[in-house]
Structure formats: structure tokens, C-alpha cells
1. Would you confirm, using the coordinates I've provided, whether B:Glu323 is surrounded by fewer than 16 Cβ atoms within 10 Å (Cβ to Cβ) and either in contact (Cβ under 8 Å) with a residue 12 or more places away in the chain or of a type in the set (Val, Ile, Thr) (or both)?
2. Could you say whether any residue in the range A:176-194 is under 30 Å from A:His153 (Cβ atoms) and of a type in the set (Lys, Arg)?
3. Scanning for something within 30 Å of B:Lys309 (Cα to Cα), within 14 Å of chain B (Cβ to nearest Cβ), part of a helix (DSSP H, G or I) and out of contact with any His (no Cβ under 7 Å at 6 or more places or on another chain), does the range A:164-171 turn up at least one residue?
4. Residues of the range B:116-147 being farther than 24 Å from B:Gly236 by Cβ, more than 16 Å from the chain's Cα centre (by Cα) and outside any loop (DSSP other than H, G, I, E, B), which ones?
5. Restricting attention to the range A:85-112, report how many residues are more than 30 Å from A:Ser47 (Cα to Cα) and modelled with pLDDT under 80.
6. If you go through the range B:407-414 one residue at a time, do you hit one that is away from chain A (no Cβ under 14 Å) and outside any helix (DSSP H, G or I)?
7. Over 33 Å from the mean Cα position of the chain (by Cα), of a type in the set (A, V, I, L, M) and at pLDDT 85 or above: which single residue out of A:Ala17, A:Ala39 fits that description?
8. Might you check whether a residue that is surrounded by fewer than 14 Cβ atoms within 10 Å (Cβ to Cβ) and within 30 Å of B:Lys366 (Cα to Cα) occurs anywhere in the range A:109-126?
Amino acid sequence: MSEMWQDAMVAAFRETASRGVLFLPKLMALVTFLMLGVAMGWLVKVSLMRILNVVRFEVFCERMGLTPALTKAGMKQQIPHLVGRLAFWIVFLFFAFMGVDALDLPATANLMSAVLGFLPNVVAAILVALVGVLLANFTGEAVLIAAVNAQIHGARFIANMVRWGVVIFTVAMVLTQLGIAKEIVVAAFSIIFGGIVLAMAIALGLGGRSIAKEVLERRFGREKSRDEFTHI
Amino acid sequence: MGEGVWEQVQEQCSDVRKVDLVVALPSFNQASTVVPVVQTIVAGLKSSFGHASILFLNADVGSQDGTPDLVRQAVGGSVPFASIRPHTEGMSGSTFALNRFSYSGMPAREEAFRSVFAVTRRLEADACIVLDPSVRTVTAEWVSLLAKPILEKGADYVAPVFNRQRYEGSLTNNLIAPLTRALYGKRVACQIGGGYGFSQKISNFFLENEALWEGDGGRFAIDSWVTTVAVAEGYGVWQTCLGNKVQDIKAGADISMSLAQAVGATFHYMERYQDIWEKQVGSEEVPIVGRPCEIDMESVPIQVDRMLKGFRQGLRDLLPIWEIILAPDTLAGVLELGLRDDEEFRYPLPLWVQTVYDFAVGYHEKVIHREHLLKSLMPLYLGRTASVVLETKGGGPELVQDTVEHGCQTFEVMKPYLIDRWRFQ
């Protein structure tokens, strides 16, 4: 009995010790990967920020309306800094997932391949979001100026409608790209967009007939320009 | 492109190798006006250049109403004639393109001019004159008024000046001409359309400098930039008073687009010629031929209240954009204008000059998308125009002329402001 107990204890100890010995290199691999992640992330962040500063990316974002949009949303940092931080975390997470994969735990098996498989979707979603925000600001600004120059009442309202229309469309595209509740997103988008169009149609029919008339008359030239002189 | 156009000329006039004068008619769907214009030009050629060798060139950018055939019939066999079709990259023949691409009212007008310059070079012509078939008031005298300064007096470029109604050409008088004068030191009226004269030297220069044709300014506003480039490059610029101009296509019908294209062209060439205009101090008259031009006191209807409404709407809605473009003290001055009543409204000239210079700097610095920047100038321009109308209400032609001249001088005096901001923004 005592011998059996002793054998069981020794076997258990040996098993644990051998597992520990086997696990220790994996743990060290994780730590190494984490340290490498920090170092590589920092390197990528600094390099990227320098490149963006050299190509005057901040000025470009300012011109395209991205910086003001982010400032309005509460982001106080400069965009190159923001991009640098994002790059740091992407690189760090990449190494962290490799480290976790190196542990060879059943719960995290194939984590790295799953992450790598999903990565293109994330990159595509980020690009779509970026282009969407730029496009929303650009079209909003263009519509605002055009409406003001045409002396249309509610120019700012029309411009905001266009801007938010593009933003909503972008959000729907980003969520679809990430595969998050695809059906709900499509349904919600259809309802919101359809609702906006319906609301605009009703508003135009009930309250905005005179504005629509004014715009259409000006567009098709039925109403002669009241200033007959040429400016050029 | 030059080769393709030259082949077209050779097919029609194989015996023409060298001429003294090329008379060009860029056209696009102008069947209703072109015949009397061509007949008048031919009469002018016979009376003034009876012994000179001439090529009458029609550069048509895709008319669908038979304009080239009508031109050919109207010319008859009186002078050698060729009709060419410039390469227009699909811009011709579309009414959409007409509205979208050029305030001149003619799509691909730039390509038509370029083809004319190419033919002028191949024919080694001493001069080429370009006339608009949509102008109903062309007279036989225009031919000699445009060509003789080049052929007999050594001019390189002859710009047109017309009799104008009061306030006509407000954008030109309040912005483009004063700015051009302050920048390059030549007192040119910067009026557009109707007719131009070019020496072989300047047309070769235009052809050889591909960069001149690039960018929106170069592509869509040739009527604006030929004068700018001629004065900036130091060519011999003359002006000729052609009398009245009644045109079927009203150039600049879409004001904000016209403003964006014409002002954009001026700003565009400010970047190219920075070294020249930074050194230029003061200005001088350019030689002028023809009967002196007059300002007609008859004024066309002007809705000052509508202009002020446009200005105030801009002040309300475009302020976030103007905050990016205008210097703080300029913006403060503009904001103050919003408080004034219609009758007391005055947009002070120094403030207007400062506004224009701030926009030029903003364009240079690309603080926002350039087309947006140019179009957002529109309400401010309406404010200044309304102010000029109110300032000169009840005055004679001298007062209008004095106001324009005073504007030009103020642009010159305040030029250091532009240079400072341009350099140290």
C-alpha cells in the first residue's frame, strides 16, 4: 500500500516535473515573443511616425478634413501619433499571439492561424473606415459650398445629411467586412437609409415644395438669372 | 498632337507650306452665328491683308450642327481654308462637358488653341489671330486690330478690350486684373473672349512648355492664363479695343465655376512665377490700339440684396472653412461686415485685398481642397461686388473707373502683405 502510494507520488511528481520542464521553454518563448513584440512595435511605430512626418501626412489629413473630424470626436492626438500607436499595438498583438500559440495550450490551439486568417478583414475594414471618413468630409464640404453658392436655404442641413449618409454607409460596410451581425447590419442599414429617404420625400412634399421649386427652376433655367451682367 | 493636326491641314491644303498669317476660328455648335462672322472676317482679310499669304483655320471640337461645313461654305474659295478636329480626349460633343469643363462655354477650347499654335509653327506664320464665332459684333476691322500690332509693331500678344456696361466684368475688374497688375507690373484689363493675336514666338513658347497646360488652371481656363503667362514671361503685350462684344454663349454663366476656374488659373500661375512677382514693384501701362473703350452708364439689372443675402449666408454657413483660409484679422474684419444694414454695407477695399491675398496663400498652402477653397470665395466676392455697386450708386463713369483704378493701386500697395504671408505662412 505504502509502496503504491509512494510510486503514485513519484510518478505524479515526475509527470509534473517533466511537464514543467517541457512548459518552461514555451513560457520563455512567450516572454521572448512579448519582449520582441514591444521592441518591434516600438521600432515600427517610430519609423512610421518619422515617415508620416516627412511626407507631411498631418497636413494632408488636415486638408482632407480627417483631423477636424477626429478632433470633434474627442481625439486630441496628432494623426501620425495615432497611426504610430495603432501600428505598435498591431505588431505587439501579432507577436503576443505567436507567443500564446507557442504555449501549445489546447484552448489556444490554432489561435495564430485564426488571427492571421481574420487579419485581411481587419485591414480592409480599417481602410474602408478611413476612406469613408475622408469621403464623408469631402462630399459634405463640397455640398455645403455648392448649396451656399446656390443660395439654398438649409445648406448646412443638406450637407450634414450627405455627410452622415456617407458615414452610415461606411459603418455598415465596416461591420459587414468584419462579419459582425451581418444580417442585422444589412437590415438596420436598409431601415435607416430607407427611413431617411422616406422622411426627406415626405418633408419635401409637405414643407419643402417652395425650396424644391426654387432649386429646380434655377437648375433648369426657367427662372432667368436676376443679375444679367457677366462677372468675367 | 501637332502631327495629327498638321496631317489634317496637309490633306486639305497640300500646297500651303508657309504663310504670313493664320486666322483661326475655334468652334463648337455655333451654326446660328458662324456664317456672318466668317463673312466679316473674310472681308476684313481682303481689305487689310489683300496681298498677304493666309490660312483660314477652323478648329472644331466636335460640333453636331454642321458648323465646320457652314464655315467652309462661308469662306468659299476666297482664302486657303482647312478644317481640323483637335484631339479632345472625349470631351467634345457633350453638352454635359460644356457645362462642366470650361467657363468659356466651349468644351476642349484649350485643345483647339493648342492645335492652332501647332499649325502656326508648322506654317512658320508671323502671326496668328483667334476669333470667336459666337460673337455677333465682330467687324472687319477686328482682323487688322488684332494682327497689325504683331506684324507691324513687334507685339507678341494682343489682348482684347471691349466697351462695357457699368459693373460688367466685375470679377475681372475687382480681382483678376488688379491682382495680375500687382503681381506682374503690367496694366492689362484681363478681359477674355472675342479675339486674340499671337506672334509665332509666343505661340511656340506656349507649345513648347507642356507644364503650362497642366493642372485645372491650365486645362480649363486658357482665356485667363494666356494673358497671365504673356505678362509674367515678359512678352510684348498690347491691348486692342474692339468696341462692343455681344456674344451668344454667355461666358461665365455659372458664376462659382467661372470664379473657380478664372481665379484658380491666376493662383496656379502664381506658384510658377513666384520668383518673378516677388521682385516686381509698381506697374506700367501697355500699348493700346483702336478707339478708346468706354464704360456705358446704362446698367444691367443688379440685385444687390441678393448678393448681400449670398454674402450673409456664406458668413453663416462657411465660417468654419473661412477660419482655415483667412488670417485672424481678416476674418475679424469680415465678421464685422455681417452686422451692417444693407444700405450701409461696405466691404472696405483693404479688407478685400487682404481676403484675396489670404485665399492665394491658402491655395498655395493647400489648406483645404483647392476647388473648395476657390468656390468658398464666392460669397465674399458677392459681398465686395455689392459694396462696389453701393459705393458708386449715382456716380458717373469716372467714378466707376476711379474705383477700379483705386482697387488696382491698393492691390499694389498691399503686395508686401502677400509676400510676407506667402513666404512665412
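The values are calculated or read from the model by the stated rules, or taken from the named source; none is laboratory data. None of the values given here were measured: they were computed from a predicted structure. Backbone-built Cβ (ideal geometry, glycine too); neighbour counts: all protein chains shown.
1. Considered against the rule, which asks whether it is surrounded by fewer than 16 Cβ atoms within 10 Å (Cβ to Cβ) and either in contact (Cβ under 8 Å) with a residue 12 or more places away in the chain or of a type in the set (Val, Ile, Thr) (or both), B:Glu323 comes out as no.
2. no
3. Among the residues of the range A:164-171, not one is within 30 Å of B:Lys309 (Cα to Cα), within 14 Å of chain B (Cβ to nearest Cβ), part of a helix (DSSP H, G or I) and out of contact with any His (no Cβ under 7 Å at 6 or more places or on another chain), which makes the answer no.
4. Once the filter is applied, which keeps residues that are farther than 24 Å from B:Gly236 by Cβ, more than 16 Å from the chain's Cα centre (by Cα) and outside any loop (DSSP other than H, G, I, E, B), the range B:116-147 yields only B:Ala140.
5. So the count comes out to 7.
6. Step one: filter the range B:407-414 for residues away from chain A (no Cβ under 14 Å), giving B:407-414.
Imposing the further condition that a residue be outside any helix (DSSP H, G or I) reduces the set to B:414.
Within the range B:407-414 (the criterion being away from chain A (no Cβ under 14 Å) and outside any helix (DSSP H, G or I)), the answer is yes, since at least one residue qualifies.
7. Exactly one of A:Ala17, A:Ala39 is over 33 Å from the mean Cα position of the chain (by Cα), of a type in the set (A, V, I, L, M) and at pLDDT 85 or above, namely A:Ala17.
8. yes
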